[in-house]
Every structure is written in structure tokens, then in C-alpha cells.
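See below for the structure under consideration.
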Amino acid sequence: MASPAGVGAAVAGAAVVTLLSAALAFYGPPLDAVLKRAFSLHKAHSIKDMENTFQLVKNIIPPLTTKKHKGQDGRIGIVGGSQEYTGAPYFAAISALKVGADLSHVFCTREAAPVIKSYSPELIVHPVLDSPDAVHEVEKWLPRLHALVVGPGLGREEALLENVKGILEASKARAIPVVIDADGLWLIAQQPTLIQGYQKAVLTPNHVEFIRLSEAVLRDPVDSSDRRGAVLRLSQALGNVTVVQKGEQDVISDGEQVLECNLQGSNRRCGGQGDLLSGFLGVLVQWALHAGPEKTNGFSPLLVAAFGACSLTRQCNHQAFQKYGRSTTTSDMIAEIRPAFSRLFET
Ligand SMILES: *[C@@H]1O[C@H](CO)[C@@H](O)[C@H](O)[C@H]1NC(C)=O
């Protein structure tokens, strides 16, 4: 773990890219024009930074061609879903499909499985997470998966968390990228070594989860006046694991760079929004790693994937809010995935 002085120097030395808010209307001028107008009163380089970062996200999106076979654009596994929570894993899994994954698996408890299956015929649901054989049951599928999203609707039951530990170890051994959210982060706060130094991991803490993690890893109170520094410090202390702190702005760091995503969403924060983000990330992480560093212009692929997933979540929220206002729910956001994606990344 870096000393406090070393961390300070790293914060000062890091290339910090600030991205200012952009108001993106659903029906409106092309993205570039919207960005230019929104930024014209701000520092010129911010316009370029935002455009450049969007371009990097565009670079990693695999083209749809006839030459591909099913599964090539992403086979994603969601680890979560328990007796109490069945919505979160569904939202994450369906978001992965709607953003462009070919197959989406859910590994959940026995009781949660029929519920999740009944939400959607499009998901493959494995009722294995509370079985004594859970690690083996999931491990069998790992060679066929491109990324795992661990945590949506997981809960904190001891036996489940034990199984998830085993699944994380097995995924690391196969170098499978993992996105960790919700109670998956609770597990990491109990045992940071599970993820320490695994640079194919992305953590997506909200404010409370971020504080819990930071205090567990750095054993210091978090300096809430410096969010970018705090996210950078946590990422570095975990051995440059990518950290996405969700909030009014999303702050993203891979231990070297810090990106901010301020794209306008709305003031409506419905439960489930984080599940969309984690589902998107599972897919984008795979695309970015597959595209490789030449497509991301030297930036870490996971950083670009995280920026893309945060932007898309915010744009879905923005567009759903335009239609439904205070009635906006996560399902409304899911219905906006296609137009939001197209608006941000296909113009
Ligand atoms: C993390 O990234 C920083 C900045 O690039 C670098 O100085 C440090 O050595 C990296 N740490 C690890 C564990 O790779």
C-alpha cells in the first residue's frame, strides 16, 4: 500500500481530465453540436476531452456484421439474486442483452430462479448459488463467459458470500473480467485481498459503499472535499483496480487517470439504476479488452468502458425522465437503451 506522501504525489501527478455537463436532448442537433454549444462557455479543452473520450468509446463498439456467430459480442454472467432480491439481477442481465451482449446468464439461488425466469424468457437462469456445489457449478460455465457481474441482489448471507469468494477466485484464475457492485462490494470491504491487484476488476460503489471500502482498504477517513483524489487513492491502494464512484458526477479511476462523467441525467434516482450500469459495464469491459489499447489511444480499456457505461446510464435516465418525469422507473430506462446508445455512440 502506498504511503500517504506517495499517494499525494500521485494525485498531483495524475492526468486529471475534467468533463463538464452536457445537456443532451433526445430529439435535437447532432451530438457534436450539442456538446459544442453546451461547452462553449467553458474551457475549450473540455469540449475536446469529452469528444475524444466519446470517440474512444465508439472505437471499442464491435460492428454488427454477418460474419459473426452467436456469442461473439458478449456472453455475460450475473452472480446475484437471492430470496429477497430478484429485480437487481434481472435488470443487470437484461441491460447487458439490450446493449448488445448475445447471451446473458444469471447465477442465483434456487428460490430466486423461477422468479427471475418468469420476468424474461431471454435470460439463462442457473439456480445454483446456494448449492453446496456452487463454485463448481459456476466454474463449469466460466470458459464460455466473457465477463462476470458480481453482486446485484446478492444479499449478505454468509454461505452465499462464501460461494461468491470461490467464484471470484475461479474467475481470477481464468483472467475473466469482473464487475463488482452492491453486496459484492460489501464482501470486498470485508476482504479486500479478494480483488487486490486484479486489474481486470471494476468496482462500482455508491457513496456509502465507497466510504466503507475506502475505510477498509486505506484505514483512513475519506477526504470528502476531494472526490477525485479519494477515488484515485482507493484504486491505487487496491493495486490499480478500476473504481467507478457513482454520484452526482461519476468519478472513474484506474490508478493513473481520473475521468469524470457529468453527462446530464435527471434528478430522479430510481432504485435499479446501478444495476443497469453494472450490466452495461459487463459488456463494455469485454468489448474494450477485445478492442485493445490501440483503439483506446493508450487509455486503459476498462477506464473507457466505465466512461461509456456511465454516460449511457445517464442518457437513459435523461431520456426516460423527459417522458415520465417523477414516474420514471428502471424499466422506463431500459426502454431507452437503444435510442440512448444510438444518440451517444452512433452519431
Ligand atoms: C498503478 O499505477 C500507478 C500510476 O501509473 C503506478 O505508478 C503504479 O506502479 C501502479 N501500481 C501497480 C500495482 O501496478
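The values are calculated or read from the model by the stated rules, or taken from the named source; none is laboratory data. Keep in mind the model is a prediction, meaning the values are calculated, not measured. Quick reminder, even Gly has a Cβ in these numbers, built from the backbone with ideal geometry, and neighbours come from all protein chains shown.
Numbers at a glance
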read-out	value
Test set (1) more than 16 Å from the ligand (Cβ to nearest atom); (2) buried (at least 17 other Cβ atoms within 10 Å of the Cβ); (3) basic (Lys, Arg) - residue 269 fails condition number	(2)
Any chance residue 178 is touching a strand residue (DSSP E or B) at 6+ places or on another chain (Cβ under 9 Å), buried (at least 20 other Cβ atoms within 10 Å of the Cβ), within 19 Å of residue 306 (Cβ to Cβ) and in contact (Cβ under 8 Å) with a residue 12 or more places away in the chain	yes
Close pairs (6 angstrom Cβ cut-off, 6 or more residues apart or separate chains): within 13 Å of the ligand (Cβ to nearest atom) in the stretch 196-211, basic (Lys, Arg) anywhere	198/172
Selected residue (criterion: surrounded by the most Cβ atoms within 10 Å (Cβ to Cβ)) from residues of the stretch 227-250 that are farther than 18 Å from residue 189 by Cα and touching a residue at least 60 places away in the same chain (Cβ under 8 Å)	250
Residue check, residue 256 within 14 Å of the ligand (Cβ to nearest atom), farther than 26 Å from residue 104 by Cα, surrounded by fewer than 24 Cβ atoms within 10 Å (Cβ to Cβ) and charged (D, E, K, R)	yes
Residue list for the stretch 234-247, restricted to those being under 16 Å from the mean Cα position of the chain (by Cα) and more than 10 Å from the ligand (Cβ to nearest atom)	242, 243, 244, 245, 246, 247
Residues of the stretch 129-151 classified as touching a strand residue (DSSP E or B) at 6+ places or on another chain (Cβ under 6 Å) and within 17 Å of residue 82 (Cβ to Cβ), total	6
Pairs where the first residue, in the stretch 291-306, is polar (S, T, N, Q) and the second is assigned to a helix (DSSP H, G or I), C-beta under 7 Å, 6+ apart	296/56; 296/59; 296/60; 296/288; 296/304; 297/56
The listed residue being within 16 Å of residue 49 (Cα to Cα) and part of a helix (DSSP H, G or I), out of 309, 305	305
Flag if residue 251 is away from the ligand (no atom under 16 Å from the Cβ), in contact with a Ser or Thr (Cβ under 7 Å, 6 or more places away or on another chain) and modelled with pLDDT of 95 or more	no
Candidates 284, 263 - the one that is closer than 15 Å to residue 311 by Cα, touching a His at 6+ places or on another chain (Cβ under 9 Å) and more than 16 Å from the ligand (Cβ to nearest atom)	263
Evaluation of residue 116 against (1) of a type in the set (A, V, I, L, M, F, W, C); (2) closer than 16 Å to residue 163 by Cα; (3) part of a helix (DSSP H, G or I) (one fails), failing number	(2)
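Residues checked against (1) buried (at least 22 other Cβ atoms within 10 Å of the Cβ); (2) not in a loop (DSSP other than H, G, I, E, B):
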site: 63; (1), (2): no, no
site: 92; (1), (2): yes, yes
site: 95; (1), (2): yes, yes
site: 129; (1), (2): yes, no
